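What follows is calculated from the coordinates using simple rules that are stated; it is not laboratory data. For clarity, every value in this text was computed on a predicted model and none was experimentally measured. Neighbour counts run over all protein chains shown; Cβ positions are idealised from the backbone, glycine included.
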Ligand code: SF4
Ligand code: SF4
């Protein structure tokens, strides 16, 4: 199969997986790691969620139509009844049960075997480096590297589907290619590469974590080149598209924005209904994946209507210029979901790092993400300043 067909088929498979309805159930407010980029630390008090609450949450997911459940925490393996919870999820009707964990508890073979017996299908392990010192700088726990590696091997021995999450940051981006190759050699073929989110500890440690797109580009491209292997599945999560020039098939499916909006639902509703500014608004917006969406929503609230973005000058044709411009209006039927759909279809635009050289860059928002995912950033043609 030639490269581009392979990329398209892989993208269809990945998009189909991304669009499957999943229900997330948090079962602990505790974790045995102290990761530099933890988003959750301020919500952690060392406790576990009661079985009654967990079962009610599992049922809510089934009622909403989900048949896959993702069990998380904190770290879910800290819950003393995890095998029981997995078995309950299965008996209630979930066809696929996944846990997201730092993997350290899986170093105990009996624990891994108990999870297998309870019906667990998939384990996602957070393994942010293959270099022990870097790994433990990120997890904050001495000994966590060897335990997590043993956990990975035990998970494979039990026959779980095993995938690996890596938060890309200043500590590990230069060695990302070697990290991927290390885990590939250990039999992993699915990776989710996450960008830090400027909240919780990641915000406190932002100077240690966030990195420059220009400096990282060559290292990351080297790592992303591994995704051309047809047996390897790499997803990205909130990674700004500008990092992915040449690997646009790795740009996260824009429909995932709905998950972010659902997660921020109460705050966004207060903004829409009462005009209460988002509590997170400020310096961190420049680091935040939601920057474009939040700016659009504020503009809509101010002007009561928002038009589709124009195509960038380097792509604009006379025929397209004559088309009517779709407009979203604020009315009594407003829903965040409808607005998110409009934003994705008409306002979710991205730029290449090369756009900085273009004389239109200050007045241009880039091109629609759907076109870039399909055709690549190479369609953009920066015009030199004369
Ligand atoms: S962009 Fe939105 S979600 Fe992100 S920090 Fe700013 S206000 Fe909060
Ligand atoms: S090259 Fe970039 S900045 Fe220039 S017109 Fe095209 S999208 Fe806009």
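For the reader, a short list of remarks on this structure follows.
- Matching residues in the range 253-266 - criterion: being touching a residue at least 60 places away in the same chain (Cβ under 8 Å) and in a loop (DSSP other than H, G, I, E, B): 253
- Residue 335 being more than 16 Å from ligand 1 (Cβ to nearest atom) and either closer than 26 Å to residue 253 by Cα or surrounded by 15 or more Cβ atoms within 10 Å (Cβ to Cβ) (or both): yes
- Here residue 302 fulfils each of the conditions (1) under 15 Å from residue 271 (Cα atoms); (2) surrounded by 11 or more Cβ atoms within 10 Å (Cβ to Cβ) apart from (2).
- Restricting the range 350-363 to residues that are within 26 Å of the chain's Cα centre (by Cα) and within 15 Å of residue 315 (Cβ to Cβ), the residue that is farthest from ligand 1 (Cβ to nearest atom) is 354.
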